[in-house]
Amino acid sequence: MLEGLLTIFLTFIASYGLAFGLKFALNTEYPLGAIPTGSMIPTYNIGDLILIRGPNSVSEIRVGDVIVFHNPKPGCYDELIIHRVNSTYSRNGIQYFVTKGDNNPSIDYWPVPASYVVGKVVAGVPFLGYVFLFINGIFDKMGVPLDLRTPLLTIGLAILVILSGVFPSEKEKVCNSK
């Protein structure tokens, strides 16, 4: 029992430490993401996992960079979008980015204020994002805000570790019955 509790504690600390470490190292609240649509094909495909690095300043973001940003459409802030910077401009002292998905025929309708930018995509891993898409789909249906998803995933992982130690495997049942 003590071994199980120690495993749960270490799993919780490790997963939370990894999440916090990535946020700190990459300077963004959302260091990992998944491509949910085909708008970035052929650069990124549906189900690709992406690594996101937050900019130290908006001047680091250039035309041609792939950025992750909160949806600027009114009422849609919680939705994250992954598109390429097509152009940039400044109005009333605020920097804006005009974006476009690589696979989309035209630029996005809403310009992105610099304060909405989460970061730049620095790497992608094919297919690994499907896990994130599956879990986020469940969280979306439940209405779980983005801020609570990491703690809930950590708790879920800890519960799985508990359950794996509570129920003996078939091999253990056979071996212990002799």
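The values are calculated or read from the model by the stated rules, or taken from the named source; none is laboratory data. Bear in mind the structure is a predicted one, so any value in this text is a computation, not a measurement. A quick note on method: Cβ atoms are made from the backbone with ideal geometry, for glycine too, and the neighbour counts reach across all protein chains shown.
See the values below:
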quantity	calculated
Residue that is surrounded by 13 or more Cβ atoms within 10 Å (Cβ to Cβ), within 14 Å of I35 (Cβ to Cβ) and not basic (K, R), where the choices are G119, G129	G129
Which listed residue, of S39, S59, is over 28 Å from G137 (Cβ atoms) and not hydrophobic (A, V, I, L, M, F, W, C)	S59
Flag for G47 being part of a loop (DSSP other than H, G, I, E, B), within 13 Å of the chain's Cα centre (by Cα) and of a type in the set (G, A, S)	yes
Sole residue being of a type in the set (A, V, I, L, M), closer than 21 Å to N136 by Cβ and surrounded by fewer than 17 Cβ atoms within 10 Å (Cβ to Cβ), chosen from L18, L6	L18
Identity of the residue in region 43-101, without any contact (Cβ under 8 Å) to a residue 40 or more places away in the chain, among the β-branched types (V, I, T) and closer than 13 Å to A114 by Cβ, that ends up surrounded by the fewest Cβ atoms within 10 Å (Cβ to Cβ)	I94
Some residue of region 58-66 being in contact with a strand residue (DSSP E or B) (Cβ under 7 Å, 6 or more places away or on another chain) and modelled with pLDDT under 90	yes
Residues satisfying the stated conditions in region 27-42, i.e. under 21 Å from P113 (Cα atoms) and either free of Cβ contacts under 8 Å to residues at least 40 places away in the same chain or surrounded by 15 or more Cβ atoms within 10 Å (Cβ to Cβ) (or both)	T28, Y30, P31, G33, S39, M40
Output for region 90-144, where each listed residue is part of a strand (DSSP E or B) and over 18 Å from the mean Cα position of the chain (by Cα)	S90, R91, I94, Q95, Y96, F97, V98, T99, K100, V112, P113
